[in-house]
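Shown next, in structure tokens, is the structure this report addresses.
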């Protein structure tokens, strides 16, 4: 299984196996209830783990195509390779990534089987996106009777609840062997719900924000003299970022890459964010694009 190329299937394993590894033998082996999480961890601890290396915990969802109608967990999942939802199977995996070796080692993999609550939440989100914007003009000011909503009171989505159970079980398994600080997730989890999930497990989140995220500099001006102190300053203009936040500039060919780092605020997050902005400029056409990476650890260097 460790050296097989392409998709690993039971039929493929039987073809690569030697004497005694028939297709039926492989089927009987996988019909048993095997403690895969423990097997992954023991293999990593005995053969891969290096005490002097730094590891990041990285999570991601993998979608594989699957025909038919009776396979357990068969559903429509979004595939980034196809750019659309496809019929298939989805698996969520946690891996330990060695910073020094730049290699990933899976330590926990579970099939994604959506609950009814998760399906309903997904449909409601899709319906909200398709709903046309309201043409009625809302009166200016705060609606009468509205109450403050503490940003720290976050209710996890059904998807994050499922991932939290995986994360807690994994952290309990590896406790005392590896000291983890950071949880790395892709842009799908670049929101305050995922950050709250990570902080609940005493981890700092590293993820990606939308390129049009509304970020603000902290307000540093004088106190107005009445009311609460102003929190949000000027909104970040990604085409004109102040020079003091520039950390590094490199040029390769006709592409210039600038790295900026700043502590910024977002109105959906309860805490400041450590944001790294990677801006690329085509020196010939002056076309510009940027990516927003963030972490909840304000001391993390770029």
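Here, each number is a calculation from the coordinates, and none is a lab measurement. What you are looking at is a predicted structure, and each value in this text was computed from that prediction instead of being measured. Heads up, the Cβs are rebuilt from the backbone with ideal geometry, glycines too, and the neighbour counts pull from every protein chain shown.
For the reader, a short list of remarks on this structure follows.
- Contact order normalised by residue count of the chain, Cα under 8 Å, 6+ apart, percent: 11 percent
- Computed from the C-beta positions of residue 186 and residue 234 and an R0 of 30 Å, the FRET efficiency is 0.55 to the nearest 0.05.
- Candidate values (1) 18.0; (2) 23.6; (3) 16.9 were compared with mean projected area of the Cα convex hull in nm² computed on the shown model; the agreeing label is (2).
- Residue 283/residue 126 FRET efficiency (R0 30 Å; Cβ-Cβ; nearest 0.05): 0.15
- Potential lengthening between residue 202 and residue 252 on full extension [0.36 nm per residue; Cα-Cα distance subtracted]: 14.1 nm
- Overall form of the range 106-177 per C-alpha gyration tensor (a/c, 1.5; a/b vs b/c): oblate
- Candidates 187, 20, 145, ranked by Gaussian network fluctuation over the chain, Cα under 10 Å, top entry: 145
- Using alpha-carbon coordinates, inclination of helix 116-130 to the longest axis of the chain, degrees: 40 degrees
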